[in-house]
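The values are calculated or read from the model by the stated rules, or taken from the named source; none is laboratory data. The shown structure was predicted, so the numbers you read here are calculated from the model rather than taken from an experiment. A quick note on method: Cβ atoms are made from the backbone with ideal geometry, for glycine too, and the neighbour counts reach across all protein chains shown.
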Amino acid sequence: MKLYILCGVLFLAVLGYSPADANTVKFGSLCCGNPNNNKRGCDVKGCGYFGAPRNGKKGVKQKHGGLDIECEDGSTINAPFDVTLNGKSAPYGNSNAIDNGIKLNGEGLCFKLFYVKPDKYYGSLKKGEKIGTLLPMQKVYPGITSHVHVQMCDKSDPTKYF
Ligand SMILES: [Zn+2]
């Protein structure tokens, strides 16, 4: 048995229990309040799955390039496994209220988290340590299911890691 403190809550974890395929990396909890990484379904602004349709600029049809994990505005975002922080990565570049994020490496994966204000942009974190805070999505997309967007650096589908 090993003790973990995550999101201020004490957990007991039994070591050695691994229901997932041992060859596939799995993300630990990203967002406080969503310990199981529940995925965003569909809402007034669209759906959260990889490849979901999106309307781009001037009506151009685009596809959702990541996977959305439910997370309330202002929630703490934690490292899903031991990670290295590799600088800012913003989704829009328009400096709106949610235009921030970070690029990370860990478990052999390179990925980005959008709509997060990181506490720092470089360095390393252990699994469960705080990366930052979810930005106020409801200010920009009222009625959306607030979420953190997970996108692989190579644009591949991250769903298998969840
Ligand atoms: Zn997304």
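Return the residues of segment 116-162 that are of a type in the set (Gly, Ala, Ser) and within 16 Å of the ligand (Cβ to nearest atom); say none if nothing qualifies.
Gly143, Ser146, Ser156
Only one of these is of a type in the set (Val, Ile, Thr), out of contact with any helix residue (DSSP H, G or I) (no Cβ under 8 Å at 6 or more places or on another chain) and farther than 24 Å from Asn38 by Cβ: Val83, Val148, Val60. Name it.
Val60
State which residue pairs qualify: first residue under 13 Å from Leu134 (Cα atoms) and in contact (Cβ under 8 Å) with a residue 12 or more places away in the chain and inside segment 49-78, second residue of a type in the set (Phe, Trp, Tyr) and within 14 Å of the ligand (Cβ to nearest atom) in any location, beta carbons under 8 Å apart, and separation of 6 or more residues or different chains.
Matching pairs, first to second residue: Asp68/Tyr49; Ile69/Phe162.
Within segment 26-63, track down each residue that is within 11 Å of the ligand (Cβ to nearest atom), surrounded by 18 or more Cβ atoms within 10 Å (Cβ to Cβ) and not in a strand (DSSP E or B).
Hits for segment 26-63 are Arg40, Gly48, Phe50.
Of all residues in segment 55-72, how many are touching a Lys or Arg at 6+ places or on another chain (Cβ under 8 Å) and more than 18 Å from Pro158 (Cα to Cα)?
2
Here are some conditions: (1) within 14 Å of the chain's Cα centre (by Cα); (2) touching a residue at least 60 places away in the same chain (Cβ under 8 Å). Tyr141 meets all but one. Which one does it not meet?
(1)
Evaluate the following for Gly66: is it surrounded by 15 or more Cβ atoms within 10 Å (Cβ to Cβ) and of a type in the set (Gly, Ala, Ser)?
Yes; evaluated as a whole, the condition is true for this residue.
Go through (1) within 13 Å of the ligand (Cβ to nearest atom); (2) at pLDDT 95 or above; (3) in contact with an Asp or Glu (Cβ under 7 Å, 6 or more places away or on another chain) and name the single condition Tyr92 misses.
The number of the failed condition is (2).
Give segment 72-105 a look and list any residue that's assigned to a loop (DSSP other than H, G, I, E, B), among the small types (Gly, Ala, Ser) and under 14 Å from the mean Cα position of the chain (by Cα), or say none.
Matches in segment 72-105: Gly74, Ser75, Ala79, Ser89, Ala90.
Looking at (1) within 16 Å of the ligand (Cβ to nearest atom); (2) surrounded by 19 or more Cβ atoms within 10 Å (Cβ to Cβ); (3) more than 20 Å from Asn38 (Cβ to Cβ), find the lone condition where Leu113 falls short.
Of everything listed in (1) within 16 Å of the ligand (Cβ to nearest atom); (2) surrounded by 19 or more Cβ atoms within 10 Å (Cβ to Cβ); (3) more than 20 Å from Asn38 (Cβ to Cβ), Leu113 misses just condition (3).
Would you confirm whether any residue within segment 130-140 is within 23 Å of Val44 (Cα to Cα) and part of a loop (DSSP other than H, G, I, E, B)?
Pass one, segment 130-140, residues within 23 Å of Val44 (Cα to Cα): 134-140.
Subsequent filtering for residues that are part of a loop (DSSP other than H, G, I, E, B) retains 135-136.
Yes, segment 130-140 contains at least one residue that is within 23 Å of Val44 (Cα to Cα) and part of a loop (DSSP other than H, G, I, E, B).
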